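Notes follow once the structure below has been shown.
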Amino acid sequence: MADKLRAQQQLEQLQARYVGTGHADTTKFEWSSNIQRDSYASYVGHPPLLSYMAIGMGECREKVRGAMIEKMIQPVGKPPEVQD
Amino acid sequence: MATTSTMFMYSLTVQPPTAITQAILGQFAGTKEQQIVTASGSRLTLHRPDPSQGKILTALSHDVFGIIRAIAAFRLAGSNKGRITIVEFLPAQNRFSRLHLETFGKSGVRRVIPGQYLAVDPKGRACLIASAEKNKLVYVLNRNSQAELTISSPLEAHKAQTLVFALVALDVAFSNPVFAALEVDYGESDQDPTGQAYEEIEKTLVYYELDLGLNHVVRKWADPVDRTATILFQVPGGQDGPSGVLVCGEDNITYRHSNQEAFRVAIPRRRGATEDPQRKRSIVAGVMHKLKGAAGAFFFLLQTEDGDLFKVTIEMAEDEDGAPTGEVQRLKIKYFDTVPVSSSLCILKSGFLFVASEFGNHQFYQFEKLGDDDEEIEFTSDDFPVDATEPYTPSVDSMNPLMDCKVANLTDEDAPQIYSICGTGARSTFRTLKHGLEVNEIVESELPGVPSAVWTTKLTRDDTFDAYIILSFTNATLVLSIGETVEEVTDTGFLSSASTLAVQQLGEDGLIQVHPKGIRHIRADRRVNEWAAPQHRSIVAATTNERQVAVALSSGEIVYFEMDSDGALAEYDEKKEMTGTVTCLSLGEVPEGRVRSNFLAVGCDDSTVRILSLDPDSTLENKSVQALTSAPSALSIMAMADSSSGGSTLYLHIGLYSGVYLRTVLDEVTGELSDTRTRFLGPKPAKLFRVSVQGQTAVLALSSRPWLGYSDPVTKAFMLTPLNYPGLEWGWNFSSEQCTEGMVGIQGQNLRIFSIEKLTDNLLQESIPLTYTPRQFVRHPDHPYFYTIESENNVLSPATKAKLLEDPAIVNGDAAVLPPEEFGYPRGRGHWASCISIIDPITEKSVLQKVDLDDNEAAVSMATVSFASQEDEVFLVVGTGKDMIVSPRASTAGFIHVYRFHEDGKEIEFIHKTKVEEPPMALLGFQGRLLAGVGKDLRIYDLGMRQLLRKSQTEVVPNLIVGLQTQGSRIVVSDVQESVTMVVYKFQENKLIPFVDDTIARWTSCTTMVDYETVAGGDKFGNLWLLRCPTKASEEADEEGSGAHLLHERQYLQGAPHRLALMAHFYPQDIPMSIQKTNLVAGGRDCLLWAGLQGTLGILVPFVGREDVDFFQTLEQHMRSEDAPLAGRDHLIYRSYYVPVKGVIDGDLCERYTLLPTDKKQMIAGELDRSVREIERKISDIRTRSAY
């Protein structure tokens, strides 16, 4: 039992430390939000990729950057209803 | 690891990226002069603006082998030395020589790895590094007792589920450093299924204070701001102003500070018939500038996405003495000017504005006035003036973004040119790149006859400038004097009735003329001493320096003269008999402090060069011999700067009758020849001349075109670059008052005087303006014309614009059309403007015809196709999309337009268009028909009378076809997401059968077939790769017969029956937009040229032997440890960013070997069991053999 508890604690620690660490009950919403947020952060973080997207959209880089971070707030729409 | 690959490539950068991700200003040299440091790709460049010439010079460029995410300059309190902090995804560090390095993340650019934002306290006491989400690290910067910079361990200011939009440091003078961040907390909206929390999300401005006493960071103040805000600007504090920040959102600029009221001002909009009055502007870039002298005198220049610059000032309450109190009263905004949309703006103290454009050329402007006294309406200005307040000064060429690139030889020169399409919007261009140095022509004048040679000479040793130009004709010599005007003189003492072989200023004030029958020594008092050649013999070759003369007679004898103490020429008693006829001779310059040059080089027609000693003890004794592949046509001994020894080395340059140029090192003591490097110049015999360019000795080599051999100003490596100039027959150094470092040359019957101003740039650019963002281009198969497709999203098409302008209800008097190059096109959401242009890059150098597309169609792909059904007539085929939405991808229809060429391709005529379900993203001519990628389908079309006729169709890829390549009946199809698939076309059955695909998802951006089995390509994340089809699969696919066996073969893991094998993989950082197999230099080897979005041009050179691979692999390994990248990123990890590097050696790292200090060079050379010179030769050889 103690082992299980410790594992649980370690996992919680990891989850607190590293954003996106999953657990047994990760929902589809959590997982996909996390993936999407990672993607958007990567688009913003790599200058050539941001330029590439800005050219495709016909916008300027700074606007695309703002829009990407904005999308990170709710990348895959509203969370699902909680069913108990 | 990499060692297992059977294919090895050597990666080299031909042109580094020209896109600037960020530019900062600082006094980095420790002087008052301001410099600009820019980050572009993995390169950090220090630019020195030269206000007197209005130019920007590159002082230093360094590849850090990492992704530079943000840079900031800071100055430490009490120190007057500017320092720079470079932050890559791992480290924070200082200057070009590393002062400090802190690692804060190891796993690349990710959401929670700090580095996205970097802010430095204006007093240089601390810096904050933040990630896009959650993490913030504060470092305290200090100096220890030895005045060395120290950096504390980081203090954390993390807040989970918080996104950061912008970050700046507050100017708080000497109180505790404060940083302001624009944040959104998404924690609640993630838990609320009703969506209400999301609706109510607030954006907050948060102050983080670093308490220096407690060494602790606190969240000091948070206040909601405009939801649309994305950018912050620091407002000066302390003595200079009120402190605080400007928060810029959609349509507004707000001043915020914890102890002040908020002040808000709207961003003025443009007015006009084509403007949507509801479109909101936002600020995308800006700069704050403090004026010298007065306290509180500062202003902001903020730029909107249209490129309009607004001057924002803050008015403060004043106390009794009229000094500002720091209490803000109002904010003022005023239109200032329009410049290209920038990624960074820098205002220099010398009154210049540097605009690092996000796309296109970077601009350098000079301020004329600060717009204090013009008629511009303040506050809510919506009028729009066209007159610019600043004169335009030269721009810095930038190829960013480079959309497509092709190598072709349209001018029939020895080497092909690179053609590319670059830029966005109205500032896009078609560029021609040529390898060569820019030549500045000074004089071109026609002569009475065709001269065979030309010299210039001064009259006495102490003269600074040349006095005479001597021209030799077949049987006459003409002397011209250089002064205010150039005119013929006759009383010079020169023999005018014979041709001349050499001219030299000798000793103190004598002149020498060597002609076929003798040597004339002209003294200062016009006395002439003549040495006549022995009877029945004439002089065939001569060489001179200021103390020595050597001539070769037609009998093969060499006669040597030296100047004696009273200035007369003394003949050496013995003549040296050579075995063959002497073709050329060379004496080196007399070294400083010596009386003679020790060596004479003699070239004979038996294809040898001999070095003779001129030492008094062993005069004319043979020292060494070098055998050549052809008879030498020219020789030149000269001392030049050298990177291997660090100083200057004596070289013997040899030109051959076959047009080959050789450079060998001449040992100054023994006369031994070693380290020979060869280069093919052109089909004509090479002639060599010693000239002086930019203060260094250089060699002018003439063959079918002129070349200049010089040492690179930065790396000191020897470079041989063609001049962008017509072919010359003869050249000589030229120096006069008007032109101190020039050259004089003969071209046919013309005398030309020219100079070379710049040695740093060896790629010449020429550009032709285009209308919209170019997407793709093709060349006419037979004629030198290019066809581009251009399209622009969210821009009104010309037809819509005309309709709006005609509408009498909207026009209100000031319907002046603004020039789109400066102001951009009128914008409208959902609209597309697109056109096809015909470009003549050779004769007209302009756009010949422009075909606009209407109905909101935009061109997406093009190809030239010869249809077998039309007797192989070539047509231009263009794929378009109607009402396209970029993300998520949508459109109402796609079309394939067909155009017929007229007048050899100078004009195109529309024939018909065919509707398809989706925009066809890839088109290709294939076996006399058209191959089109429409969505997932690959189709074959034939040309009909009314429309294209579909002949065959198969679904071959999972997502969307974006590229097609073909050889024989094999087609390489690239998918937008799922790498490439190879498809075979079975003609009898009319079937397209995919037979091999890839294991990894690659977001393919470009591909090319290297050979029948191998594909090279690039993807959107900036990788380059080579894939090869397994031999068995390849053979099976091409088996005779129906292809039934292919159709019924079992699928492997839901894909094609076979898989491609990865041969090579490399991460160059820039996104490859085009790749092709080509040859870049005359007589060079084939290589893969790729062009990156940010303007990078790079090549991959295949290795031929295993031995070279082993050598370069070991060298690369040593370089990794000896010259660890500046930013602290492990080189191997960097090049393996997405996929472990395989089969590719980083040539850019290997080339840094020449820049290492001598002891390190020797150490590596020792490890490799080779000499330093040998290693450098190998490094330079591999580049010159296939590139510049």
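Residues that are open to solvent by less than 50 Å² (accessible area, probe 1.4 Å), under 18 Å from B:LEU924 (Cβ atoms), out of contact with any Leu (no Cβ under 8 Å at 6 or more places or on another chain) and not in a strand (DSSP E or B): does the range B:984-991 have at least one?
No, there is no match, as no residue in the range B:984-991 is open to solvent by less than 50 Å² (accessible area, probe 1.4 Å), under 18 Å from B:LEU924 (Cβ atoms), out of contact with any Leu (no Cβ under 8 Å at 6 or more places or on another chain) and not in a strand (DSSP E or B).
May I ask you to say which residue of A:LYS71, A:LYS4 is closer than 30 Å to B:SER42 by Cα, open to solvent by 80 Å² or more (accessible area, probe 1.4 Å) and more than 7 Å from chain B (Cβ to nearest Cβ)?
Answer to the selection: A:LYS71.
Those residues that are of a type in the set (Gly, Ala, Ser), in contact (Cβ under 8 Å) with a residue 40 or more places away in the chain and assigned to a loop (DSSP other than H, G, I, E, B), I need them from the range B:557-586; list them, please.
B:GLY567, B:ALA568
Being hydrophobic (A, V, I, L, M, F, W, C) and outside any strand (DSSP E or B) narrows it down to one of B:ALA833, B:ALA859, B:ALA799, B:ALA863, so name that one.
B:ALA799
Select from the range B:1030-1061 the residues that are in a helix (DSSP H, G or I) and loosely packed, with under 14 Cβ neighbours inside 10 Å and list them in ascending order.
Residues satisfying the conditions are B:THR1031, B:LYS1032, B:GLU1035, B:ALA1044, B:HIS1045, B:LEU1047.
So B:LEU291 fits all but one of (1) away from every other protein chain (no Cβ under 14 Å); (2) in contact (Cβ under 8 Å) with a residue 60 or more places away in the chain; what number is the exception?
Looking at each condition in turn, B:LEU291 falls short on (2).
Is there a residue being within 30 Å of B:THR1007 (Cβ to Cβ), open to solvent by 40 Å² or more (accessible area, probe 1.4 Å) and out of contact with any helix residue (DSSP H, G or I) (no Cβ under 8 Å at 6 or more places or on another chain) anywhere in the range B:745-766?
Yes, the range B:745-766 contains a residue that is within 30 Å of B:THR1007 (Cβ to Cβ), open to solvent by 40 Å² or more (accessible area, probe 1.4 Å) and out of contact with any helix residue (DSSP H, G or I) (no Cβ under 8 Å at 6 or more places or on another chain).
Answer yes or no as to whether B:VAL691 is of a type outside the set (Ser, Thr, Tyr) and buried (at least 17 other Cβ atoms within 10 Å of the Cβ).
yes
Considering only the range B:1027-1042, I want to know if a residue exists there that is touching a Gly at 6+ places or on another chain (Cβ under 6 Å) and at pLDDT 90 or above.
For the range B:1027-1042, residues touching a Gly at 6+ places or on another chain (Cβ under 6 Å) and at pLDDT 90 or above: absent.
If you take just the strands (runs of 3 or more DSSP E) that sit entirely in the range B:128-206, which of them hold at least 3 residues that are open to solvent by less than 10 Å² (accessible area, probe 1.4 Å)?
B:136-143, B:162-169, B:178-185
Does B:ARG520 satisfy being among the basic types (Lys, Arg), open to solvent by 10 Å² or more (accessible area, probe 1.4 Å) and in a loop (DSSP other than H, G, I, E, B)?
Considered against the rule, which asks whether it is among the basic types (Lys, Arg), open to solvent by 10 Å² or more (accessible area, probe 1.4 Å) and in a loop (DSSP other than H, G, I, E, B), B:ARG520 comes out as no.
Tell me which residues, restricted to the range B:1004-1029, are in a loop (DSSP other than H, G, I, E, B), more than 14 Å from every other protein chain (Cβ to nearest Cβ) and open to solvent by 10 Å² or more (accessible area, probe 1.4 Å).
If the condition is that a residue be in a loop (DSSP other than H, G, I, E, B), more than 14 Å from every other protein chain (Cβ to nearest Cβ) and open to solvent by 10 Å² or more (accessible area, probe 1.4 Å), then B:VAL1010, B:ASP1011, B:TYR1012, B:GLU1013 are the ones that fit.
Restricting attention to the range A:27-49, report how many residues are open to solvent by less than 20 Å² (accessible area, probe 1.4 Å) and of a type in the set (Gly, Ala, Ser).
So the answer is 3.
Of all residues in the range B:160-206, which are in contact (Cβ under 8 Å) with a residue 12 or more places away in the chain, farther than 17 Å from B:SER131 by Cα and more than 12 Å from chain A (Cβ to nearest Cβ)?
Of everything in the range B:160-206, those that are in contact (Cβ under 8 Å) with a residue 12 or more places away in the chain, farther than 17 Å from B:SER131 by Cα and more than 12 Å from chain A (Cβ to nearest Cβ) turn out to be B:LEU170, B:ASP171, B:VAL172, B:ALA173, B:PHE174, B:ASN176, B:PRO177, B:VAL178.
Name the strands (runs of 3 or more DSSP E) wholly inside the range B:208-286 in which the number of residues that are crowded, with 22+ Cβ neighbours inside 10 Å, within 40 Å of the chain's Cα centre (by Cα) and within 14 Å of chain A (Cβ to nearest Cβ) is 2 or more.
By residue number, B:231-234, B:245-249.
Determine, yes or no, whether B:GLY213 is among the small types (Gly, Ala, Ser), over 29 Å from B:ILE314 (Cβ atoms) and at pLDDT below 90.
yes
Within the range B:1097-1143, work out how many residues are open to solvent by 10 Å² or more (accessible area, probe 1.4 Å) and β-branched (Val, Ile, Thr).
5
Of everything in the range B:408-427, what is surrounded by fewer than 21 Cβ atoms within 10 Å (Cβ to Cβ) and touching a Leu at 6+ places or on another chain (Cβ under 6 Å)? Give them in sequence order.
none
Please verify whether the range B:628-645 includes one or more residues that are of a type in the set (D, E, K, R) and open to solvent by 20 Å² or more (accessible area, probe 1.4 Å).
Checking the range B:628-645: not a single residue is of a type in the set (D, E, K, R) and open to solvent by 20 Å² or more (accessible area, probe 1.4 Å).
Could you tell me whether B:ILE67 is within 14 Å of chain A (Cβ to nearest Cβ), open to solvent by less than 20 Å² (accessible area, probe 1.4 Å), modelled with pLDDT of 70 or more and in contact with an Asp or Glu (Cβ under 8 Å, 6 or more places away or on another chain)?
Here the answer is yes, as B:ILE67 does meet what is asked.
Which residue, of A:GLU30, A:GLU59, A:GLU70, A:GLU81, is out of contact with any helix residue (DSSP H, G or I) (no Cβ under 6 Å at 6 or more places or on another chain), modelled with pLDDT under 85 and acidic (Asp, Glu)?
Selected residue: A:GLU81, the only one of A:GLU30, A:GLU59, A:GLU70, A:GLU81 that is out of contact with any helix residue (DSSP H, G or I) (no Cβ under 6 Å at 6 or more places or on another chain), modelled with pLDDT under 85 and acidic (Asp, Glu).
Mind listing whichever residues of the range B:666-678 are crowded, with 20+ Cβ neighbours inside 10 Å and out of contact with any Lys or Arg (no Cβ under 6 Å at 6 or more places or on another chain)?
Within the range B:666-678, B:LEU666, B:LEU673 meet the criteria.
The values are calculated or read from the model by the stated rules, or taken from the named source; none is laboratory data. Note that the structure is predicted; figures quoted are calculated from it, not measured. Glycine also receives a Cβ, built like all others from the backbone with ideal geometry; neighbour counts cover every protein chain displayed. We work out accessible area using only protein heavy atoms, side chains counted, and drop any ligands, DNA or RNA first. Shrake-Rupley method; radii C 1.70, N 1.55, O 1.52, S 1.80 Å.
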